[in-house]
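The values are calculated or read from the model by the stated rules, or taken from the named source; none is laboratory data. Everything quoted here is computed from the prediction, not taken from an experiment. No Cβ is skipped: glycine too gets one built from the backbone with ideal geometry, and neighbour counts run over all protein chains shown. Quick note on the areas: whole protein, heavy atoms, side chains included, nothing else; ligands and nucleic acids left out. Shrake-Rupley method; radii C 1.70, N 1.55, O 1.52, S 1.80 Å.
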There are 2 protein chains.
Amino acid sequence: MINSLTEENYLKALFNIANQSGEVNVAELSKTLDIKMPTVTSMMKKLAKKKLVHYESYKPLRLTEKGRKEAGLIIRKHRLTEMFLVEKMNLGWEDVHDIAEQIEHIQSPVFFEKMDEMLDYPKVDPHGSPIPDSKGKVVWKDYSKLSDCEAGDTVRLSAVIKTTSEFLKLLNGKGMYLGLKIKIKSIEPFDKSIVISYDKRNAEVLSNLVCERLLVEKIV
Amino acid sequence: MINSLTEENYLKALFNIANQSGEVNVAELSKTLDIKMPTVTSMMKKLAKKKLVHYESYKPLRLTEKGRKEAGLIIRKHRLTEMFLVEKMNLGWEDVHDIAEQIEHIQSPVFFEKMDEMLDYPKVDPHGSPIPDSKGKVVWKDYSKLSDCEAGDTVRLSAVIKTTSEFLKLLNGKGMYLGLKIKIKSIEPFDKSIVISYDKRNAEVLSNLVCERLLVEKIV
DNA sequence: AAAATTTGTTAGATTCGTCTAACTTTATAC
DNA sequence: GTATAAAGTTAGACGAATCTAACAAATTTT
(Lines give C-alpha, C1' and ligand atoms only; values in the text may rest on other atoms or scores of the structure.)
Protein backbone atom coordinates (compact mmCIF):
# COMPACT_ATOMS: atom_id res chain seq x y z
CA MET A 1 0.00 0.00 0.00
CA ILE A 2 3.01 2.29 -0.28
CA ASN A 3 3.23 4.55 -3.33
CA SER A 4 6.56 5.25 -4.94
CA LEU A 5 7.90 8.76 -5.15
CA THR A 6 7.02 8.70 -8.83
CA GLU A 7 3.44 7.68 -8.18
CA GLU A 8 3.15 10.41 -5.57
CA ASN A 9 4.19 12.99 -8.13
CA TYR A 10 1.52 11.84 -10.55
CA LEU A 11 -1.16 11.94 -7.84
CA LYS A 12 -0.13 15.40 -6.76
CA ALA A 13 -0.18 16.72 -10.31
CA LEU A 14 -3.60 15.19 -10.94
CA PHE A 15 -4.87 16.88 -7.81
CA ASN A 16 -3.32 20.22 -8.66
CA ILE A 17 -4.44 20.54 -12.25
CA ALA A 18 -7.93 19.04 -11.92
CA ASN A 19 -10.62 21.40 -13.13
CA GLN A 20 -13.83 21.94 -11.13
CA SER A 21 -15.28 18.62 -12.28
CA GLY A 22 -12.03 16.91 -11.32
CA GLU A 23 -11.07 16.01 -14.89
CA VAL A 24 -7.55 16.05 -16.29
CA ASN A 25 -6.31 15.28 -19.81
CA VAL A 26 -3.39 13.00 -20.47
CA ALA A 27 -1.78 15.73 -22.56
CA GLU A 28 -2.07 18.24 -19.75
CA LEU A 29 -0.62 15.87 -17.19
CA SER A 30 2.14 14.96 -19.61
CA LYS A 31 3.04 18.59 -20.07
CA THR A 32 2.88 19.41 -16.34
CA LEU A 33 5.15 16.55 -15.35
CA ASP A 34 7.33 16.86 -18.45
CA ILE A 35 6.85 13.19 -19.12
CA LYS A 36 5.80 11.84 -22.52
CA MET A 37 2.18 10.79 -23.06
CA PRO A 38 2.76 7.06 -23.45
CA THR A 39 4.51 7.01 -20.10
CA VAL A 40 1.60 8.85 -18.55
CA THR A 41 -0.90 6.42 -20.05
CA SER A 42 0.93 3.43 -18.66
CA MET A 43 1.24 5.00 -15.23
CA MET A 44 -2.48 5.77 -15.25
CA LYS A 45 -3.21 2.12 -15.86
CA LYS A 46 -1.00 1.26 -12.94
CA LEU A 47 -2.70 3.79 -10.66
CA ALA A 48 -6.09 2.54 -11.85
CA LYS A 49 -5.14 -0.97 -10.75
CA LYS A 50 -4.36 0.50 -7.34
CA LYS A 51 -7.78 2.20 -7.31
CA LEU A 52 -6.25 5.65 -7.17
CA VAL A 53 -7.43 6.84 -10.59
CA HIS A 54 -10.51 6.23 -12.74
CA TYR A 55 -9.13 5.31 -16.14
CA GLU A 56 -10.95 4.56 -19.38
CA SER A 57 -9.30 4.71 -22.80
CA TYR A 58 -9.67 8.11 -24.47
CA LYS A 59 -11.63 9.52 -21.51
CA PRO A 60 -10.41 12.27 -19.19
CA LEU A 61 -8.62 11.15 -16.03
CA ARG A 62 -10.17 11.47 -12.58
CA LEU A 63 -8.78 10.69 -9.15
CA THR A 64 -10.82 8.22 -7.12
CA GLU A 65 -11.86 9.23 -3.62
CA LYS A 66 -8.87 7.26 -2.35
CA GLY A 67 -6.54 8.90 -4.87
CA ARG A 68 -7.79 12.34 -3.93
CA LYS A 69 -7.17 11.63 -0.29
CA GLU A 70 -3.62 10.41 -0.84
CA ALA A 71 -2.86 13.37 -3.09
CA GLY A 72 -4.32 15.73 -0.50
CA LEU A 73 -2.08 14.28 2.17
CA ILE A 74 1.01 14.80 0.04
CA ILE A 75 -0.01 18.38 -0.64
CA ARG A 76 -0.66 18.77 3.06
CA LYS A 77 2.95 17.79 3.73
CA HIS A 78 4.16 20.15 1.01
CA ARG A 79 2.28 23.15 2.33
CA LEU A 80 3.04 22.47 5.97
CA THR A 81 6.69 22.27 5.01
CA GLU A 82 6.55 25.57 3.14
CA MET A 83 4.99 27.19 6.17
CA PHE A 84 7.63 25.69 8.43
CA LEU A 85 10.46 26.88 6.21
CA VAL A 86 9.10 30.42 6.15
CA GLU A 87 7.94 30.70 9.76
CA LYS A 88 10.54 28.66 11.62
CA MET A 89 13.56 28.78 9.35
CA ASN A 90 13.22 32.28 7.97
CA LEU A 91 13.39 31.40 4.32
CA GLY A 92 11.64 33.61 1.77
CA TRP A 93 8.37 32.54 0.12
CA GLU A 94 10.27 32.47 -3.18
CA ASP A 95 12.73 29.88 -1.85
CA VAL A 96 10.59 27.23 -0.25
CA HIS A 97 8.89 25.47 -3.13
CA ASP A 98 11.85 23.38 -4.30
CA ILE A 99 12.71 22.24 -0.80
CA ALA A 100 9.09 21.36 0.01
CA GLU A 101 8.90 19.46 -3.26
CA GLN A 102 11.47 17.08 -1.79
CA ILE A 103 10.37 17.01 1.84
CA GLU A 104 6.75 16.24 0.91
CA HIS A 105 7.87 12.66 0.20
CA ILE A 106 9.29 12.05 3.67
CA GLN A 107 7.52 9.16 5.39
CA SER A 108 7.18 10.09 9.03
CA PRO A 109 3.83 11.01 10.56
CA VAL A 110 5.48 12.27 13.72
CA PHE A 111 7.70 14.68 11.80
CA PHE A 112 4.77 16.43 10.14
CA GLU A 113 2.60 16.34 13.26
CA LYS A 114 5.39 18.13 15.05
CA MET A 115 5.57 20.76 12.32
CA ASP A 116 1.83 21.24 12.47
CA GLU A 117 1.96 21.66 16.23
CA MET A 118 4.92 24.07 16.13
CA LEU A 119 3.07 26.18 13.58
CA ASP A 120 -0.10 26.09 15.69
CA TYR A 121 -2.13 24.23 13.07
CA PRO A 122 -1.97 26.70 10.20
CA LYS A 123 -4.83 26.85 7.68
CA VAL A 124 -2.88 28.27 4.74
CA ASP A 125 0.66 28.12 3.39
CA PRO A 126 2.93 31.11 2.76
CA HIS A 127 1.34 31.66 -0.66
CA GLY A 128 -2.20 31.67 0.71
CA SER A 129 -3.05 28.17 -0.52
CA PRO A 130 -5.13 26.19 1.97
CA ILE A 131 -3.41 23.32 3.78
CA PRO A 132 -5.42 20.09 3.41
CA ASP A 133 -6.61 18.67 6.73
CA SER A 134 -5.31 15.39 8.12
CA LYS A 135 -7.84 13.53 5.97
CA GLY A 136 -6.55 15.18 2.82
CA LYS A 137 -9.59 17.45 2.43
CA VAL A 138 -9.05 20.97 1.22
CA VAL A 139 -11.39 23.86 0.45
CA TRP A 140 -10.48 27.05 -1.36
CA LYS A 141 -12.19 30.25 -0.33
CA ASP A 142 -13.85 31.97 -3.27
CA TYR A 143 -11.25 34.57 -4.05
CA SER A 144 -11.29 36.66 -7.25
CA LYS A 145 -8.35 37.20 -9.53
CA LEU A 146 -7.10 40.74 -9.36
CA SER A 147 -7.38 40.70 -13.15
CA ASP A 148 -11.17 40.32 -12.81
CA CYS A 149 -11.60 43.34 -10.54
CA GLU A 150 -12.65 46.80 -11.63
CA ALA A 151 -11.24 50.27 -11.26
CA GLY A 152 -12.25 51.69 -7.93
CA ASP A 153 -12.30 48.32 -6.14
CA THR A 154 -10.43 47.99 -2.87
CA VAL A 155 -9.18 44.48 -2.20
CA ARG A 156 -6.99 42.44 0.10
CA LEU A 157 -4.25 40.24 -1.41
CA SER A 158 -5.09 36.77 -0.11
CA ALA A 159 -3.17 34.28 -2.22
CA VAL A 160 -0.74 33.98 -5.09
CA ILE A 161 -1.03 31.19 -7.65
CA LYS A 162 1.13 29.71 -10.41
CA THR A 163 4.03 31.00 -8.40
CA THR A 164 7.58 30.78 -9.60
CA SER A 165 10.61 32.12 -7.86
CA GLU A 166 10.86 34.88 -10.51
CA PHE A 167 7.29 35.94 -9.97
CA LEU A 168 7.59 36.07 -6.20
CA LYS A 169 10.77 38.09 -6.43
CA LEU A 170 8.87 40.59 -8.55
CA LEU A 171 6.30 40.90 -5.78
CA ASN A 172 9.07 41.26 -3.19
CA GLY A 173 10.55 44.03 -5.32
CA LYS A 174 7.26 45.86 -5.30
CA GLY A 175 6.87 45.43 -1.56
CA MET A 176 3.79 43.23 -1.93
CA TYR A 177 2.80 40.53 0.56
CA LEU A 178 -0.23 38.51 1.67
CA GLY A 179 -2.79 40.59 3.54
CA LEU A 180 -1.84 43.74 1.66
CA LYS A 181 -4.73 46.19 1.05
CA ILE A 182 -4.79 47.36 -2.56
CA LYS A 183 -6.79 50.12 -4.28
CA ILE A 184 -7.32 49.76 -8.03
CA LYS A 185 -6.92 53.17 -9.59
CA SER A 186 -7.38 52.34 -13.26
CA ILE A 187 -7.21 49.61 -15.85
CA GLU A 188 -5.58 50.08 -19.24
CA PRO A 189 -8.04 48.76 -21.86
CA PHE A 190 -5.31 47.94 -24.38
CA ASP A 191 -3.37 45.34 -22.39
CA LYS A 192 -5.40 45.05 -19.17
CA SER A 193 -2.49 46.27 -17.11
CA ILE A 194 -3.64 48.01 -13.95
CA VAL A 195 -2.50 50.88 -11.79
CA ILE A 196 -2.82 50.34 -8.06
CA SER A 197 -1.94 52.03 -4.80
CA TYR A 198 -1.04 50.40 -1.49
CA ASP A 199 0.99 51.16 1.62
CA LYS A 200 3.13 54.17 0.73
CA ARG A 201 3.11 53.39 -2.99
CA ASN A 202 0.82 55.41 -5.15
CA ALA A 203 0.98 54.35 -8.78
CA GLU A 204 2.42 50.88 -9.23
CA VAL A 205 1.63 49.21 -12.55
CA LEU A 206 0.97 45.48 -12.77
CA SER A 207 0.70 43.61 -16.05
CA ASN A 208 -2.28 41.37 -16.69
CA LEU A 209 0.02 38.35 -16.45
CA VAL A 210 0.78 39.34 -12.88
CA CYS A 211 -2.84 40.19 -12.00
CA GLU A 212 -4.05 36.78 -13.13
CA ARG A 213 -1.83 35.23 -10.47
CA LEU A 214 -3.01 37.38 -7.60
CA LEU A 215 -6.11 36.24 -5.70
CA VAL A 216 -7.94 38.86 -3.69
CA GLU A 217 -10.95 39.38 -1.45
CA LYS A 218 -13.01 42.46 -2.10
CA ILE A 219 -13.26 44.81 0.81
CA VAL A 220 -16.64 46.53 1.22
CA MET B 1 27.81 14.77 -11.49
CA ILE B 2 24.73 14.11 -9.39
CA ASN B 3 24.61 10.83 -7.49
CA SER B 4 21.38 8.92 -7.22
CA LEU B 5 19.82 8.25 -3.86
CA THR B 6 20.97 4.65 -4.23
CA GLU B 7 24.54 5.67 -4.90
CA GLU B 8 24.45 7.98 -1.91
CA ASN B 9 23.43 5.08 0.30
CA TYR B 10 26.36 2.98 -0.88
CA LEU B 11 28.79 5.85 -0.30
CA LYS B 12 27.45 6.46 3.16
CA ALA B 13 27.68 2.80 4.10
CA LEU B 14 31.25 2.58 2.79
CA PHE B 15 32.14 5.59 4.89
CA ASN B 16 30.44 4.27 8.00
CA ILE B 17 31.82 0.76 8.02
CA ALA B 18 35.36 1.51 6.83
CA ASN B 19 37.97 0.23 9.25
CA GLN B 20 40.96 2.36 10.23
CA SER B 21 42.72 1.69 6.92
CA GLY B 22 39.54 2.61 5.06
CA GLU B 23 38.91 -0.89 3.73
CA VAL B 24 35.52 -2.55 3.37
CA ASN B 25 34.59 -6.04 2.15
CA VAL B 26 31.91 -6.65 -0.40
CA ALA B 27 30.27 -9.12 1.97
CA GLU B 28 30.17 -6.60 4.77
CA LEU B 29 28.69 -3.89 2.58
CA SER B 30 26.21 -6.38 1.20
CA LYS B 31 25.10 -7.29 4.70
CA THR B 32 24.91 -3.69 5.92
CA LEU B 33 22.78 -2.54 3.01
CA ASP B 34 20.81 -5.79 2.84
CA ILE B 35 21.62 -6.06 -0.85
CA LYS B 36 22.99 -9.20 -2.46
CA MET B 37 26.70 -9.37 -3.27
CA PRO B 38 26.43 -9.40 -7.07
CA THR B 39 24.43 -6.19 -6.91
CA VAL B 40 27.07 -4.63 -4.70
CA THR B 41 29.85 -5.70 -7.08
CA SER B 42 28.14 -4.11 -10.03
CA MET B 43 27.46 -0.90 -8.13
CA MET B 44 31.11 -0.76 -7.08
CA LYS B 45 32.13 -0.91 -10.73
CA LYS B 46 29.76 1.93 -11.45
CA LEU B 47 31.10 4.04 -8.57
CA ALA B 48 34.64 3.22 -9.67
CA LYS B 49 33.82 4.65 -13.10
CA LYS B 50 32.70 7.82 -11.36
CA LYS B 51 36.00 7.89 -9.42
CA LEU B 52 34.23 7.55 -6.09
CA VAL B 53 35.59 4.11 -5.18
CA HIS B 54 38.83 2.25 -5.79
CA TYR B 55 37.79 -1.11 -7.15
CA GLU B 56 39.88 -4.12 -8.10
CA SER B 57 38.52 -7.64 -8.40
CA TYR B 58 38.82 -9.63 -5.20
CA LYS B 59 40.41 -6.71 -3.35
CA PRO B 60 38.82 -4.80 -0.48
CA LEU B 61 36.87 -1.67 -1.40
CA ARG B 62 38.12 1.82 -0.58
CA LEU B 63 36.55 5.21 -1.10
CA THR B 64 38.60 7.64 -3.18
CA GLU B 65 39.28 11.08 -1.75
CA LYS B 66 36.35 12.34 -3.79
CA GLY B 67 34.11 9.53 -2.60
CA ARG B 68 35.06 10.13 1.00
CA LYS B 69 34.22 13.79 0.64
CA GLU B 70 30.82 13.14 -0.89
CA ALA B 71 30.02 10.53 1.75
CA GLY B 72 31.11 12.93 4.48
CA LEU B 73 28.79 15.58 3.16
CA ILE B 74 25.84 13.21 3.21
CA ILE B 75 26.66 12.21 6.76
CA ARG B 76 26.99 15.88 7.60
CA LYS B 77 23.43 16.40 6.41
CA HIS B 78 22.27 13.35 8.37
CA ARG B 79 23.82 14.46 11.64
CA LEU B 80 22.84 18.09 11.29
CA THR B 81 19.30 16.92 10.71
CA GLU B 82 19.35 14.71 13.79
CA MET B 83 20.54 17.65 15.83
CA PHE B 84 17.86 19.87 14.38
CA LEU B 85 15.13 17.34 15.11
CA VAL B 86 16.23 16.99 18.72
CA GLU B 87 17.09 20.61 19.47
CA LYS B 88 14.51 22.48 17.43
CA MET B 89 11.68 20.02 17.08
CA ASN B 90 11.87 18.30 20.43
CA LEU B 91 12.04 14.77 19.18
CA GLY B 92 13.82 12.13 21.25
CA TRP B 93 17.26 10.84 20.28
CA GLU B 94 15.66 7.45 19.73
CA ASP B 95 13.28 8.85 17.09
CA VAL B 96 15.47 10.89 14.79
CA HIS B 97 17.49 8.34 12.86
CA ASP B 98 14.81 7.20 10.44
CA ILE B 99 13.77 10.73 9.61
CA ALA B 100 17.36 11.90 9.11
CA GLU B 101 17.92 8.87 6.89
CA GLN B 102 15.43 10.40 4.48
CA ILE B 103 16.24 14.09 4.88
CA GLU B 104 19.96 13.51 4.30
CA HIS B 105 19.16 13.12 0.59
CA ILE B 106 17.51 16.53 0.23
CA GLN B 107 19.36 18.66 -2.32
CA SER B 108 19.34 22.21 -1.00
CA PRO B 109 22.49 23.84 0.34
CA VAL B 110 20.52 26.75 1.79
CA PHE B 111 18.30 24.41 3.81
CA PHE B 112 21.21 22.77 5.59
CA GLU B 113 23.13 26.02 5.98
CA LYS B 114 20.10 27.41 7.76
CA MET B 115 19.94 24.40 10.06
CA ASP B 116 23.62 24.75 10.84
CA GLU B 117 23.17 28.43 11.64
CA MET B 118 20.06 27.86 13.78
CA LEU B 119 21.94 25.23 15.76
CA ASP B 120 24.92 27.55 16.13
CA TYR B 121 27.29 25.31 14.17
CA PRO B 122 27.19 22.17 16.31
CA LYS B 123 30.21 19.85 16.43
CA VAL B 124 28.40 16.65 17.37
CA ASP B 125 24.99 15.09 16.81
CA PRO B 126 22.57 13.97 19.54
CA HIS B 127 24.38 10.64 19.84
CA GLY B 128 27.79 12.24 20.26
CA SER B 129 28.97 11.47 16.73
CA PRO B 130 30.99 14.30 15.18
CA ILE B 131 29.34 16.29 12.39
CA PRO B 132 31.61 16.40 9.32
CA ASP B 133 32.64 19.92 8.33
CA SER B 134 31.45 21.58 5.13
CA LYS B 135 34.25 19.81 3.24
CA GLY B 136 33.10 16.42 4.46
CA LYS B 137 35.99 16.00 6.90
CA VAL B 138 35.33 14.37 10.23
CA VAL B 139 37.49 13.46 13.20
CA TRP B 140 36.50 11.27 16.12
CA LYS B 141 37.92 12.08 19.51
CA ASP B 142 39.66 9.09 21.05
CA TYR B 143 36.98 7.85 23.36
CA SER B 144 37.11 4.48 25.12
CA LYS B 145 34.34 1.95 25.21
CA LEU B 146 32.84 1.64 28.65
CA SER B 147 33.39 -2.10 28.24
CA ASP B 148 37.17 -1.45 28.18
CA CYS B 149 37.21 0.48 31.46
CA GLU B 150 38.10 -0.91 34.87
CA ALA B 151 36.43 -1.03 38.26
CA GLY B 152 37.08 2.23 40.07
CA ASP B 153 37.21 4.37 36.91
CA THR B 154 35.14 7.51 36.77
CA VAL B 155 34.08 8.48 33.23
CA ARG B 156 31.86 10.83 31.28
CA LEU B 157 29.41 9.37 28.74
CA SER B 158 30.36 11.09 25.48
CA ALA B 159 28.80 9.15 22.64
CA VAL B 160 26.62 6.14 21.89
CA ILE B 161 27.32 3.93 18.87
CA LYS B 162 25.50 1.21 16.94
CA THR B 163 22.36 2.85 18.21
CA THR B 164 18.94 1.43 17.59
CA SER B 165 15.70 2.81 18.87
CA GLU B 166 15.47 -0.12 21.31
CA PHE B 167 18.90 0.54 22.70
CA LEU B 168 18.30 4.26 23.18
CA LYS B 169 15.01 3.56 24.93
CA LEU B 170 16.90 1.32 27.34
CA LEU B 171 19.22 4.23 28.13
CA ASN B 172 16.22 6.54 28.54
CA GLY B 173 14.73 4.03 30.95
CA LYS B 174 17.88 4.08 33.02
CA GLY B 175 18.01 7.87 33.02
CA MET B 176 21.25 7.95 31.03
CA TYR B 177 22.22 10.79 28.69
CA LEU B 178 25.29 12.32 27.03
CA GLY B 179 27.54 14.14 29.48
CA LEU B 180 26.53 11.87 32.33
CA LYS B 181 29.26 11.19 34.91
CA ILE B 182 29.54 7.49 35.73
CA LYS B 183 31.46 5.63 38.45
CA ILE B 184 32.31 2.00 37.76
CA LYS B 185 31.79 0.02 40.95
CA SER B 186 32.58 -3.49 39.78
CA ILE B 187 32.82 -5.79 36.80
CA GLU B 188 31.41 -9.29 36.79
CA PRO B 189 34.14 -11.61 35.40
CA PHE B 190 31.69 -14.20 34.09
CA ASP B 191 29.78 -12.05 31.57
CA LYS B 192 31.59 -8.70 31.78
CA SER B 193 28.45 -6.99 32.99
CA ILE B 194 29.23 -3.97 35.14
CA VAL B 195 27.75 -2.21 38.12
CA ILE B 196 27.80 1.58 37.99
CA SER B 197 26.55 4.57 39.94
CA TYR B 198 25.51 7.97 38.57
CA ASP B 199 23.18 10.81 39.49
CA LYS B 200 20.90 9.43 42.20
CA ARG B 201 21.28 5.85 41.07
CA ASN B 202 23.57 3.64 43.00
CA ALA B 203 23.78 0.14 41.57
CA GLU B 204 22.63 -0.02 37.99
CA VAL B 205 23.79 -3.06 36.04
CA LEU B 206 24.74 -2.82 32.38
CA SER B 207 25.37 -5.86 30.19
CA ASN B 208 28.55 -6.03 28.16
CA LEU B 209 26.47 -5.64 24.99
CA VAL B 210 25.35 -2.26 26.28
CA CYS B 211 28.81 -1.22 27.49
CA GLU B 212 30.35 -1.89 24.09
CA ARG B 213 28.05 0.75 22.67
CA LEU B 214 28.86 3.45 25.18
CA LEU B 215 31.86 5.68 24.48
CA VAL B 216 33.34 7.51 27.42
CA GLU B 217 36.12 9.89 28.39
CA LYS B 218 38.03 9.06 31.52
CA ILE B 219 37.89 11.74 34.17
CA VAL B 220 41.10 12.19 36.16
C1' DA C 1 48.48 -29.61 0.96
C1' DA C 2 43.88 -31.14 0.10
C1' DA C 3 39.27 -30.24 1.37
C1' DA C 4 35.87 -27.31 2.81
C1' DT C 5 34.17 -22.81 3.50
C1' DT C 6 33.76 -18.14 2.63
C1' DT C 7 34.05 -14.46 -0.43
C1' DG C 8 33.54 -12.45 -4.83
C1' DT C 9 32.32 -12.43 -9.88
C1' DT C 10 29.76 -13.49 -14.22
C1' DA C 11 25.73 -14.25 -16.73
C1' DG C 12 21.13 -13.71 -17.38
C1' DA C 13 16.41 -12.41 -15.77
C1' DT C 14 13.05 -9.00 -13.65
C1' DT C 15 10.72 -4.65 -12.34
C1' DC C 16 10.21 0.27 -12.63
C1' DG C 17 9.95 4.32 -15.06
C1' DT C 18 11.19 6.21 -19.00
C1' DC C 19 11.61 6.82 -24.18
C1' DT C 20 10.49 6.71 -29.66
C1' DA C 21 7.90 5.18 -33.61
C1' DA C 22 3.77 3.90 -35.41
C1' DC C 23 -1.01 3.60 -35.11
C1' DT C 24 -5.96 4.85 -33.61
C1' DT C 25 -9.49 7.69 -31.89
C1' DT C 26 -11.51 12.08 -31.08
C1' DA C 27 -11.93 16.91 -32.03
C1' DT C 28 -11.54 20.90 -35.21
C1' DA C 29 -11.69 23.32 -39.50
C1' DC C 30 -13.26 24.21 -43.71
C1' DG D 1 -19.03 15.66 -43.95
C1' DT D 2 -14.51 14.96 -45.26
C1' DA D 3 -9.75 16.39 -44.23
C1' DT D 4 -6.61 17.76 -40.95
C1' DA D 5 -4.94 18.24 -36.46
C1' DA D 6 -4.67 17.00 -31.75
C1' DA D 7 -4.93 13.67 -28.26
C1' DG D 8 -4.30 9.08 -26.77
C1' DT D 9 -2.71 4.19 -27.18
C1' DT D 10 0.23 0.15 -28.43
C1' DA D 11 4.48 -2.01 -29.15
C1' DG D 12 9.07 -2.39 -28.36
C1' DA D 13 13.49 -0.74 -26.40
C1' DC D 14 16.51 0.94 -22.68
C1' DG D 15 18.91 2.16 -18.25
C1' DA D 16 18.89 1.67 -13.28
C1' DA D 17 18.85 -1.32 -9.54
C1' DT D 18 17.70 -5.44 -8.12
C1' DC D 19 17.66 -10.71 -8.00
C1' DT D 20 19.17 -16.04 -8.60
C1' DA D 21 22.17 -19.64 -10.30
C1' DA D 22 26.52 -21.00 -11.39
C1' DC D 23 31.27 -20.48 -11.28
C1' DA D 24 36.02 -18.81 -9.55
C1' DA D 25 39.24 -17.12 -6.18
C1' DA D 26 40.82 -16.67 -1.57
C1' DT D 27 40.89 -18.22 3.04
C1' DT D 28 40.42 -21.49 6.72
C1' DT D 29 40.37 -26.02 8.57
C1' DT D 30 42.11 -30.30 9.27
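A few remarks follow.
- Between B and A, buried accessible area from a 1.4 angstrom probe totals roughly 1500 Å², ignoring ligands, DNA and RNA.
- Other protein chain C-beta atoms within 10 Å of residue C-beta, averaged over B:5-18: 0.
- Charge sum, other residues only, whose C-beta stays under 11 Å from A:L209's C-beta, Lys/Arg counted +1 and Asp/Glu -1: +1
- Where only C-alpha atoms are counted, convex hull volume of segment B:71-140 per residue in Å³: 76
- Helix B:65-87 axis, angle to chain B major axis (alpha carbon atoms, nearest 10°): 50
- Once C-alpha pairs closer than 8 Å and six or more residues apart are averaged by separation and normalised to the residue number of chain B, the relative contact order reads 16 percent.
- In this structure, the pairs whose alpha-carbon distance is over 31 Å, taken from A:K31/A:K145; A:K114/B:K51; B:K66/B:K162; B:K77/B:K169, are A:K114/B:K51.
- To the nearest ten degrees, helix A:109-118 and the longest principal axis of the Cα atoms of chain A are 20 degrees apart.
- Inter-copy separations for A:K135, label at 7 Å along Cα-Cβ, nm, ascending: 5.6
- Model label points for A:S144 and B:S134, set 7 angstrom from Cα along the Cα-to-Cβ axis, are 4.9 nm apart.
- Taking a Cβ cut-off of under 12 Å around B:Y143, the surrounding Lys, Arg, Asp and Glu residues balance to a net charge of +2, with basic ones at +1 and acidic ones at -1.
- Top of B:E70, B:E117, B:E82 by mean-square fluctuation, Gaussian network on chain B, Cα under 10 Å: B:E117
- A 1.4 Å probe run over the protein chains yields, for the protein assembly as shown, 55 Å² of accessible area per residue, whole-number rounding.
- Take each residue in B:103-113, count the other chain C-beta atoms within 10 Å of its C-beta, and the mean is 4.
- Unit Cα scatterers, Debye sum, segment B:94-220: log10 I(q)/I(0) for q = 0.11, 0.18, 0.20, 0.21 Å⁻¹: -0.45, -1.00, -1.15, -1.24
- Interface burial in segment B:77-99 reaches 50 Å² or more for B:M89, B:I99, comparing the full protein assembly with the chain by itself; accessible area from heavy atoms with a 1.4 Å probe.
- Debye-formula intensities of segment B:54-110, expressed as log10 I(q)/I(0) at q = 0.14, 0.26, 0.31 Å⁻¹, are -0.50, -0.98, -1.17 (one equal scatterer per alpha-carbon, no solvent).
- Distances in nm from B:E113 to the matching label points in the other copies, shortest first (labels 7 Å along Cα to Cβ): 3.5
- Take B:T32: with every protein chain present and a 1.4 Å probe, its accessible area is about 80 Å².
- Placing a label point 7 Å from Cα along the Cα-to-Cβ direction at A:E150 gives distances to the equivalent points in the other copies of 9.5 nm, listed shortest first.
- Percent carbon-and-sulfur accessible area, the protein assembly as shown, ignoring ligands, DNA and RNA, probe 1.4 Å: 52
- Structure-based [θ]222 nm, chain A - -39500 (n - 2.57) summed over DSSP H runs of at least 4, per residue, nearest 500: -12000 deg cm²/dmol
- Whether segment A:144-218 is rounded, prolate or oblate, judged on the alpha carbon gyration tensor where a/c under 1.5 counts as rounded: rounded
- Selection from A:V138, A:F112, A:V86 lying farthest towards where the dipole of segment A:71-140 points positive, charges on Cβ: A:V138
- Volume of the convex hull of segment B:11-161 (Cα atoms only), normalised per residue: 139 Å³.
- The local environment of B:I74, defined by Cβ-Cβ distances under 9 Å, has a net charge of 0 under the rule Lys, Arg +1 and Asp, Glu -1.
- The ellipsoid that matches the Cα gyration tensor of the protein assembly as shown has semi-axes, each √(5λ) in whole angstrom, of 51, 28, 21, with the longest given first.
- Span from the segment B:125-160 Cα centroid across to the segment A:41-64 one, whole angstrom: 54
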